[in-house]
C-alpha cells in the first residue's frame, strides 16, 4: 500500500520534470550553437534544483502509514503529517476497494474496522491553507501488527508457609472475536535489586470471554526472606490474523514482601522435607548475622536485602528424632529453626489380617523403611474396610522399632469377607496396601486354657478346655497330644463344633488302664490357618482295670522231688492294668486242691508239697480292681529216654535254637535255661514259644560270654511237658583261662608217658576242641629258645583232638636227655595258656655198650684186614715204597773220593727231615712290619679239630683262617694305628656265620602270663651266661665303644646261643668286618684288665669260654 | 529421775553392772531429751529435703545429658549458652545475693515451692512431647522425684508452720504446644527448663543447708544437756 503511494508520487514528480524540461530543451537547442557546454550544464543543474523545490512545495502529502490492532476488530492506523503542516490541517482518508468511504478528520490517525483479506488503497488527502496534498497507500492485513493490550495483574498473593506465590490476571478475551492461543510470559524478580529468579511462559486460549487466569510458583527460598516482584506480558497467536503478532508491554510490577516484626525470624520454620532435597533457610534480621550452622556444619552465608542472610543446604540427610537444628548467630543472640528431613511412608509390607476369636480382626504389617519422622510428623495409618466403610486409625508417636505394627478392627456381624486398605501417610506423602480376607479362614485361636482331664473309665477320659472366641458358626479342629512315656507319643485330631461360650468338652478313649499320660491340646479351625499354641501339659493316670492276662508260669520239681516250685513272671505294665497286689496259686488234681493265696507281689515263686499226681497249677494275679484270668500249667512231666546233650554256640547276645516240627505238641514249647554251674533245680528264665514255631532266639541281658548255659526244650502235649532236648551252649566262646594240669606217668630211655586232667567247665569257657602238645629237647634254666614254634625242626607238636584221650606216650626219644614238654588246651574261642615241664629220659646202657663195642670191633676188623692186605701185598709195598737201594760202597764204579764221602758232611745226600706244614694263609703281608708267622704258636690245626668235632661238626670251612689274623693284630696295636692301611679280609663272613641248625632251645613256661593266645613267634630274648660275660667284659673297656649293638655282635659269635630276634630270623650284619675288626684293632686302654691282654678277644677265647662253660 | 542410776552402778559387781545397763536401756526412752525423736521439729525433714535435693541434682545431670543429646546440636554442646528468649514464663532461680540474703525462711521456702510447682508442670509437658520411650521413662522418673521434693518442701513448711502458697485461679501454668511455639523455640524452652531446674536445685540445696544450720542449735543444746548429766 505504502509502496503504491510512493510510486505514484514518483510518477507525479516525473511528470512535472518532463513538463519543465521540454521548453528548456528547446531553448538549448536554439542556443547550442551560440553558448559554451559548461554554461549549459550549470544551467541544467540549477533548473533541476528549482524544479524540485517547486514540485516539493506543490506535491508533499501524509506518509508513513502504520496500522496496529489490539483486538483484531479495529485497526488503528496512523501516519505522519507532511512537513510544514500547521494545526488546522484536515485529512480526508478514503479507502478504495471498499464501498468507497471517506473520512474527514483532523488527527493523523484513524481507527477503522478491520479489513478483510486483500489489498486496499488508502488515499489520504491533507487539506491545508496553501493547498492540498494527497498520498495513496496500499493497505493489507499483513502490514498490520497485533499488539495486545498490556496485561494487568489482578492479584499477587503469597502463601508463606509453602513459599508459594499466587498470581491472578484477566486475559480480556471478550474483545477478541476468535479463539486464539495466548502466550503469557511471567517474570519473578527477587530482592530490591530485582534479580531475575524465574521466567516462565504460560499458554492459555482466549475463548471470547474475559477469563481469570491463575499461576502459582513455589519458591526455593522462603518468601519471607526477600521481596519478590512479578511482571507479566502476553502475545496472541491468532490463526485468523496474518499480520505480525507482537508481545504486549510488561504489566506493572507487583510485589510480595513479608513485613518483619521487631523479632528476628528464621524461615522456614518446622519444615518437613524429603531426604536428599535442597532447601534454603534465611534469617530475616536487623542485626548482622555472624554465622549459620546446620547441625554441626557451618554454612556459607548468602546476603539478601539489609542484614538478612540465607543459607542453602544441598542433599539434606535424614534428621534425628527431634529434627535438625539450623541456627543463625548474631552478635548477642541466636535464632534458629528445626527442619525434619525424612521419607514418605513406605508401602506397608506383609499386610496380613487374622483373628483370634472371630470378634476382632488383627491386621499386622511391617512398616518398611523408616520415615525418620516421629511425634507429630510420624506416619498415620488408616485401616479402611471398603464393604462396611469403617476404618480405624493408628498413630505411633514413638521412634519406630523393628516390630510389626498392628491394628484391631472390630468384626461386623454377618460379614465374613473384608476388603482392607491400609493407608499410610505422613507430611511427605502416602502409600497403601490392600488385602481381601475371608476371616473364617484366618483364625489363629488363642491358647486353650483351663485344660482339664477327668476319668470316664480306665480307658477313656474327658478333656475340657476354654477357648475364648465366638466360634459358633465354624468347626474347630483340635489336636490332642497323648504322651505315654518319654518316647511314645500320639497325636489325635478331633473336630468339634464351635460354641459361643468358649467351653469345650471332648472324650478321649482307647487309652490304657493305669497308665500315666501327659496330655495337651491345641486348636485350629477346619479351614486350617494356624495352630494355636499348645495348652499347658496335664498329667493324668488312668484308673486301674483287672489284669488282662495271667502271669507267665513255669514249674520245677525240687531236687528231692517232693515239692513243686511254681515260678511266674511279673506281668508287664500293659497287662497288669494296675498295681499287682498279690498272686493266688492253686494246684488241683482230680482228688485234691491245694492253694496258696495272697502271695504278695514282689514274690514270684511258690513251693507246694505235692505227691506225684498230675496237678494243674493255676496262678492268678490280683490288683485293686480284680483278678486276672488264671494261667494254668500242668505238673506232669512226660519222660523222654532218647535224650542227647547237644552243643550250641550263640551269636553275640543270643542263642538260636531250632527244632523239628512235631504235630504231637499241642501246646506251647517252653525253653528254660540256667547257668550250667548252678545246682539243680536251676532256673534262670524260661520262654514260651507257640507250638507252631520251630525256632527261637533266646536272648537275655544275663548272658555272658564264656559262660556255659544249659537249655532245656520242653514240648507240651496233653497238658504235660516232655523234655525234648538238652542243649549246652555259650553265647560266645572264649579261650580257656587255665592250662590243663598234666603229669609224667612214666619215663624210659626213649619214651615219656604223659597224663593230663580235664579243665573245669568254668575255666574252659568254651567247648574243648583239643589239646596241643609240644615237646623238644631242652633244659630248665638254660637260655635256649623258649618259643614253641610249630614246624621248627626240633619241636614236635601233637594235636590231640580226641577228648577222651587223657594220656600220651612220646616215643623215639634220646636217652638221658632233657625234654621240654608243653601242653595247652584250646576252644573255638582260642588257645589256652600253656603248661610246661622238663623231663630227662633215662640212660640207655645197652646203647652205650653198643656204641663202644662197635667202633672197637670196626677198628679191629680194619686192622686185621689192613694187616692181611699188607701181608699179602708186602712185596709190592716194598717195591713201591722201600725199593732196595744199592750200596754205593759196593759200587765199584763210584768208588772215588771215598775219603771225601766219609769225612765231610757236605757231601751227604738229601737229608729227609720231617716238614711241618703251615696252615696259615696270609693273603697280604705288610711290608712295613713283616712278620714271620710262628705257626707253632697259633697252630689252629692242632686246636680246632677238637672244637669242631665237639660242637660244630658242620661248620668246618674257614673258621680256621680267622684266628691267625686276629692273633696277628692284637699284639701290635701301635703298629696298627701307625700303619693305617692294615686290612684284614675275612673270607666269606656270611658263610662263616651262617645261621646254624636249630640249637637247643630253652623254653620257659609261663603259665600265668599266657592267659590267651600268644603268637609263638614273639618271645623275649633271654641273655645267656655267655652274653652276660661278654657284656661285662665290654663294660670294662673304657675307651671307644662300638656303636653297633654289642648284643648283636655277641649273638654272631659262632658259639653264642642262637636267638631269634623279633625282627629277623637271621641276624643281619650291617658291616660285620668293620665292626669286628675295629673292635679288635683298637687296644683296650685299661692295661690292668685281665681280658685286655692279647688274645683275650679272640675267637679262640670264645671257644675256650665255651669249652669252659 | 535421771540422777539416780549412777548410784546404782557398782563397778566391782558385774551382775550389778549388767543390771545397771539393762535399767539404763529400759529407761532410755524415758529420758526427756531423747524422747523428742517424735517431735524433733523440722530438722530431720529439712535434712531429708536437702538430701533429696542433692539426689535430684545428680539425677538431673543424667537426664539433662540424655535430653540435650535428644535435642541435638548445638543444644548438647558444652559451651552452648543461648540468651533466654522464649522461656519467660519459667521461674527464674537466679537472684542477687543481697536480695537472697534479705529473704526470710518463709519467703525462700515459698519461692522454692512455687518454682518447683511450675517446673514440675512444665516437665510433665516435656514428657508428653518426648519422642522416645526411653526418654519418657527418664522424664517420668524425674517428675516423680520432683513431686517428692515438692512434698518434702511442703512438709518442711508445715513443720515450720508456714502456709502453703495457694495458686491463683487461672494462673496455673499450662503446656501449650502448638503453632505459636516453633520447634526451635520449644527446644530453647526445654533447654532453659533444664537449666533453671539445675539452678533451682542448686539454690534449694543452699537454702535447705542454711535452714538446716539454723535449726541445729536446739539439738546441740540437748546433747550438751545430756552430757552434763554424766553421759
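The table below gives the values:
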{"quantity": "Within the stretch A:203-220, considering residues that are touching a residue at least 40 places away in the same chain (Cβ under 8 Å) and part of a loop (DSSP other than H, G, I, E, B), the one surrounded by the most Cβ atoms within 10 Å (Cβ to Cβ)", "calculated": "A:219"}
{"quantity": "Some residue of the stretch B:118-129 being crowded, with 19+ Cβ neighbours inside 10 Å, touching a residue at least 60 places away in the same chain (Cβ under 8 Å), more than 15 Å from the chain's Cα centre (by Cα) and away from chain A (no Cβ under 14 Å)", "calculated": "yes"}
{"quantity": "Counted residues, the stretch B:73-115 - those being within 14 Å of chain A (Cβ to nearest Cβ) and assigned to a loop (DSSP other than H, G, I, E, B)", "calculated": "14"}
{"quantity": "Pairs, first without any contact (Cβ under 8 Å) to a residue 12 or more places away in the chain and within 14 Å of chain A (Cβ to nearest Cβ) in the stretch B:132-156, second surrounded by fewer than 19 Cβ atoms within 10 Å (Cβ to Cβ) and in a helix (DSSP H, G or I), C-beta under 6 Å, six or more apart", "calculated": "B:136/B:127"}
{"quantity": "Members of the stretch A:107-154 that are touching a residue at least 60 places away in the same chain (Cβ under 8 Å) and closer than 30 Å to residue A:259 by Cα", "calculated": "A:150, A:151, A:152, A:153"}
{"quantity": "Residues of the stretch B:55-72 that turn out to be away from every other protein chain (no Cβ under 14 Å) and either outside any helix (DSSP H, G or I) or over 15 Å from residue B:116 (Cβ atoms) (or both), as a count", "calculated": "6"}
{"quantity": "Filtered residues of the stretch A:412-426 (kept if crowded, with 19+ Cβ neighbours inside 10 Å, more than 45 Å from the chain's Cα centre (by Cα) and under 30 Å from residue A:373 (Cα atoms))", "calculated": "A:426"}
{"quantity": "Breaking point among (1) under 30 Å from residue A:413 (Cα atoms); (2) under 43 Å from the mean Cα position of the chain (by Cα); (3) in a loop (DSSP other than H, G, I, E, B); (4) without any contact (Cβ under 8 Å) to a residue 24 or more places away in the chain, for residue A:493", "calculated": "(3)"}
{"quantity": "So residue A:441, is it closer than 23 Å to residue A:408 by Cβ and either surrounded by 13 or more Cβ atoms within 10 Å (Cβ to Cβ) or at pLDDT 90 or above (or both)", "calculated": "yes"}
{"quantity": "Checking residue B:181 against (1) touching a helix residue (DSSP H, G or I) at 6+ places or on another chain (Cβ under 6 Å); (2) modelled with pLDDT of 70 or more; (3) not in a helix (DSSP H, G or I), the condition it does not meet", "calculated": "(1)"}
{"quantity": "Listing of strands (runs of 3 or more DSSP E) fully contained in the stretch A:259-349 that carry 1 or more residues being touching a residue at least 40 places away in the same chain (Cβ under 8 Å), more than 9 Å from chain B (Cβ to nearest Cβ) and crowded, with 21+ Cβ neighbours inside 10 Å", "calculated": "A:265-267, A:271-274, A:279-284, A:289-294, A:309-313, A:324-330, A:334-342"}
{"quantity": "Candidates A:115, A:127, A:167, filtered to the one that is part of a strand (DSSP E or B) and either under 17 Å from residue A:240 (Cα atoms) or modelled with pLDDT under 85 (or both)", "calculated": "A:127"}
{"quantity": "Residues that are under 27 Å from residue B:154 (Cβ atoms) and loosely packed, with under 12 Cβ neighbours inside 10 Å, drawn from the stretch B:63-88", "calculated": "B:88"}
{"quantity": "Hey, residue A:242 touching a helix residue (DSSP H, G or I) at 6+ places or on another chain (Cβ under 6 Å), more than 14 Å from chain B (Cβ to nearest Cβ), more than 30 Å from residue A:372 (Cα to Cα) and not in a strand (DSSP E or B) or not", "calculated": "yes"}
{"quantity": "Of all residues in the stretch A:676-702 being assigned to a strand (DSSP E or B) and surrounded by 17 or more Cβ atoms within 10 Å (Cβ to Cβ), the one that is nearest to the chain's Cα centre (by Cα)", "calculated": "A:698"}
{"quantity": "Elements of type strands (runs of 3 or more DSSP E) contained in the stretch A:351-469, each with 3 or more residues being away from chain B (no Cβ under 14 Å) and under 30 Å from residue A:543 (Cα atoms)", "calculated": "A:449-457, A:460-466"}
{"quantity": "Qualifying position, being under 54 Å from the mean Cα position of the chain (by Cα) and not in a loop (DSSP other than H, G, I, E, B), among A:575, A:598, A:607", "calculated": "A:575"}
{"quantity": "Failed item in (1) under 60 Å from the mean Cα position of the chain (by Cα); (2) under 26 Å from residue A:718 (Cβ atoms); (3) outside any loop (DSSP other than H, G, I, E, B), with residue A:647 passing the rest", "calculated": "(2)"}
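For every residue, the table says whether it meets (1) in a helix (DSSP H, G or I); (2) at pLDDT 85 or above.
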site: A:838; (1), (2): no, yes
site: A:847; (1), (2): yes, no
site: A:852; (1), (2): yes, yes
site: A:855; (1), (2): yes, yes
site: A:863; (1), (2): yes, yes
site: A:868; (1), (2): yes, yes
site: A:871; (1), (2): yes, yes
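The values are calculated or read from the model by the stated rules, or taken from the named source; none is laboratory data. Quick caveat, the model's predicted, so the values are computed rather than measured. Quick reminder, even Gly has a Cβ in these numbers, built from the backbone with ideal geometry, and neighbours come from all protein chains shown.
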